[in-house]
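Notes to accompany the following structure.
The values are calculated or read from the model by the stated rules, or taken from the named source; none is laboratory data. Owing to the predicted nature of the structure, the values given are computational and were not obtained by experimental measurement. Cβ sites come from the backbone with ideal geometry, for glycine too, and all protein chains shown count toward neighbours. Heads up: the accessible areas ignore ligands, DNA and RNA and are worked out on the full protein's heavy atoms, side chains in. Shrake-Rupley method; radii C 1.70, N 1.55, O 1.52, S 1.80 Å.
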Amino acid sequence: MSAPLGRLSEYSTDLYLVTDTAMAESVGRTVADTVAQAIAGGVGIVQVRDKHIDDAGFEKLTVSVLDAVQQAREEHGIQTEIPVFVNDRVDVAARLLEQGRKVHVHVGQGDMSADDVRQRIGAEPLLGVSAQEPEHFERARSQEVDLLGIGPVYATQTKETGRSAIGPDGFRKRAEMAGLPAFAIGGIKDHNAAALRGTGAAGICVVSAIMTAPDPAAAARSILQAYTGENS
Ligand SMILES: Cc1ncc(COP(=O)(O)OP(=O)(O)O)c(N)n1
Ligand SMILES: Cc1nc(C(=O)O)sc1CCOP(=O)(O)O
Ligand SMILES: [Mg+2]
């Protein structure tokens, strides 16, 4: 059985986009443009992820994404808020929060601990944690964590995870024991997203299939349809 969505229940959780600057640039787009187009296709959560720029550059990138999200919502009449997560950079997130910008944080097992992140950003922002093992789930349940990213579900070229793909069944088993809203991540494309339907996922996370797509709105729509089985 999947965990209740908790504080995520006010959002559209089915499709979560994690950005990659180099991928967007490789097809001649900015991250902000790609995010705006992906929102038109149904993305409901965004995470800003860039391992190559410094904190000042990352802060600027995140502000450009926050502005693009706001504009896209206005343009497409989207009432539901679209949360923007900062990947890893807790100091940047804290600075943006101090400036009154609404951001959230996602960290992995090798990053700052969830307890320390919570201490730094306060109670209000959402906190996501990558988790693979039962002990990760148990620890996250004892912390103020809102969601888990579990993967890689399929093989991925985007990140060297050092772990084998767990497949939809592996994801289902982990989502069942997680006790927190669980997002599937890793190698998810339109041709394999349907296998994640009914696995207890709160949603699916996608990087390359949207960031490198010639038409990010069409790509998002197609992955979302495959996953939910519904036509938009
Ligand atoms: C939603 C989501 N799930 C998992 C990850 C991976 O996080 P992490 O293990 O910290 O690896 P990096 O993304 O930092 O390389 C994620 N970013 N988002
Ligand atoms: C950032 C990330 N984390 C993963 C994990 O398994 O924790 S897999 C991954 C990259 C996913 O990219 P794509 O959709 O292009 O395969
Ligand atoms: Mg990380």
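Quick notes on this structure:
- Some residue of region 39-47 being assigned to a helix (DSSP H, G or I), more than 16 Å from ligand 3 (Cβ to nearest atom) and open to solvent by 20 Å² or more (accessible area, probe 1.4 Å): yes
- Residue that is nearest to ligand 3 (Cβ to nearest atom) [pool: residues in region 83-99 that are within 14 Å of residue 63 (Cα to Cα) and of a type in the set (A, V, I, L, M)]: 86
- Of all residues in region 91-110, those being out of contact with any Pro (no Cβ under 8 Å at 6 or more places or on another chain) and within 15 Å of ligand 2 (Cβ to nearest atom) number 5.
- The set of residues in region 84-115 that are of a type in the set (A, V, I, L, M) and within 13 Å of ligand 1 (Cβ to nearest atom) comprises 84, 86, 90, 105, 107, 112, 114.
- Criterion: crowded, with 17+ Cβ neighbours inside 10 Å and part of a helix (DSSP H, G or I) - qualifying residue of 209, 213, 194, 218: 209
- Scope region 176-191; condition buried (at least 17 other Cβ atoms within 10 Å of the Cβ) and not in a loop (DSSP other than H, G, I, E, B); matching residues: 178, 182, 183, 184, 185
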